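Visitor: Quick one: this structure, given as structure tokens, is what I'll be asking you about.
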Amino acid sequence: MKIKTSLNYSPNFDLKKRKKKQIKFLIFHYTGMKSERATINRLTRVQPGVSSHYLIKRNGEIIVMVPELYTAWHAGVSEWQKKKLLNKNSIGIEISNPGHQIGYKNFSKKQITSLIKLSKYLIKKYNIKKNYILGHSDIAPDRKLDPGEKFPWEFLYKNKIGIWHNLSKKKLILFRKKKVSALESSFFMKNLKKLGYPSKSKIFKNQLKFNKLLIKAFQRRFRPKMINGKIDQECLLIINKLANII
């Protein structure tokens, strides 16, 4: 598959080349910057020392920032299915969007078209598992919100990228806000861990506070219509479905 790209290399990567078989994860981010010029400037400066392999602009243009076989600095402190510090095992894709703190907006159709093409190419090239296609908030729920609730995970799933619960929306909404028992809450948290979410925070010692952030991260990904950090019967149905997929 040929994908049209431009080059704007970042100096922020590990000098040691990695092997193709080390690449197991695909991580999506939003840029969280006011402008694309500011984004590119930040990703190509030595400080603050961040980068990604690809950047997708609003017009759909794909910029290569770090060659795939080098480790880009995009994931930071991260974890999925007990695998930690995922930079060394992942490819990071930044998608231009101001983000929650500046003016979060829908991703453009051209961006998503380019993302689908690029993701399919990478999935095939590195044989990336569907449950290893993640958002930054999945792998770092105690400090990240991106790519956020406006990111079209369901649409990507329909294009064979990532996982989704595929449950009836009419059925699900009937269970929204319906309370769960303590046992069901415990079961939900166990299934979050089974899915891959980290069970402990490097930042928060208060486990209840971290659990709420975990639930919000799950909701942003799989129940974006309501993000309140509370487990309800709808969330329970979704996690049960997902736990049987992986």
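Visitor: Given R₀ = 30 Å, FRET efficiency for Lys4-Leu167 by Cβ-Cβ distance, to 0.05?
Guide: On the way: r = 37 Å, r/R0 = 1.23.
Calculated transfer efficiency: 0.20.
Visitor: Another question, if that's okay. Where the only charges are on Cβ atoms (+1 Lys, Arg; -1 Asp, Glu), what is the dipole of the chain about its Cα centre, to the nearest 20 debye?
Guide: The dipole of the chain has a size of about 500 debye.
Visitor: Among the aspartates and glutamates, which have Cα under 16 Å from the Cα of Lys19 when same-chain residues fewer than 8 positions away are ignored?
Guide: Partners within reach: Glu68.
Visitor: Sticking with this one: Longer than 25 Å from Cα to Cα, which of Lys82/Lys117; Lys109/Lys225; Lys144/Lys193 are they? Say none if no pair is. Mind dumping the intermediate values first?
Guide: Numbers: Lys82/Lys117 29 Å; Lys109/Lys225 20 Å; Lys144/Lys193 18 Å.
Those over the limit are Lys82/Lys117.
Visitor: Provide, in order from the shortest bin, the percent of all Cα-Cα pairs of the range 169-246 in each 10 Å bin, continuing until the bin that contains the maximum pair distance.
Guide: 19, 56, 23, 2
Visitor: Please list the radius of gyration and Dmax for the chain, considering alpha-carbon atoms only, with Å as the unit.
Guide: Looking at the chain, its Cα Rg and Dmax stand at 17.7, 53 Å.
Visitor: Can you list the aspartates and glutamates whose alpha carbon sits under 14 Å from that of Lys170, skipping same-chain ones fewer than 8 residues off?
Guide: Straight-line reach from Lys170, under 14 Å: Glu234.
Visitor: Just report the Cα centroid separation between the range 54-121 and the range 167-246, whole Å.
Guide: 24
Values in this text are rule-based calculations from the coordinates and carry no lab data. If you're wondering where the values come from, they're calculated on a predicted model, not measured in any experiment. Cβ sites come from the backbone with ideal geometry, for glycine too, and all protein chains shown count toward neighbours.
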